[in-house]
Amino acid sequence: MPKPLPIVEFLKLPEGGDPYLEGQRCGSCGAIFLGERTTCSSCGKSDQFSATKLSNQGELYVYSIVHRSFPGIEVPYVSAIVDLEGGGTVKGNLINIDPDPEKVKMGMPVEVVYQIAPRKDADGNEYMTYYFQPRA
Ligand SMILES: [Zn+2]
């Protein structure tokens, strides 16, 4: 079976290891960003970044319940922004919870889970994607 491809470049799939999210840590001020960049928007220094493995645990920072989306996307779902422990802010969908403002709480503990994306691309490639779910 061919290996799934990461759905975003900051999702890493190590050979024989568990998937994880990777951030870029500024060596000057310690700020963490997702994705490649050359200049730190926190301290303004350039070329100080090194890759760092991010935590799979975090807290829900903000969310919105999405009721309309593209054809074929099941709604409603919860679009969330999560602050990871140790740094890094990641956007993704919150699953395994009712899309109900009574149930979804700001600051609630969540974890990152990795799953094969429901759809393949035109070439039949599978993609590994990530979601958030409430921490047990
Ligand atoms: Zn910095």
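Residue 87 - would you say it is within 16 Å of the ligand (Cβ to nearest atom) and either aromatic (Phe, Trp, Tyr) or more than 12 Å from the chain's Cα centre (by Cα) (or both)?
yes
Among 85, 36, 74, which is the only one that is under 25 Å from residue 126 (Cα atoms) and touching an Asp or Glu at 6+ places or on another chain (Cβ under 9 Å)?
Exactly one of 85, 36, 74 is under 25 Å from residue 126 (Cα atoms) and touching an Asp or Glu at 6+ places or on another chain (Cβ under 9 Å), namely 36.
Could you check region 16-40 and list, in sequence order, the residues that are under 20 Å from the mean Cα position of the chain (by Cα), without any contact (Cβ under 8 Å) to a residue 24 or more places away in the chain and surrounded by fewer than 18 Cβ atoms within 10 Å (Cβ to Cβ)?
17, 37
Checking residue 118 against (1) within 17 Å of the chain's Cα centre (by Cα); (2) in a loop (DSSP other than H, G, I, E, B); (3) closer than 19 Å to residue 135 by Cβ; (4) of a type outside the set (Asp, Glu), only one condition comes out false. Which one?
(3)
Values quoted throughout were computed directly from the atomic coordinates according to the rules given, and no laboratory measurement underlies them. As the structure is a prediction and not an experimental result, all values here were calculated from the model. FYI the Cβ positions are ideal-geometry reconstructions off the backbone, even for glycines, and counts take in every protein chain you see.
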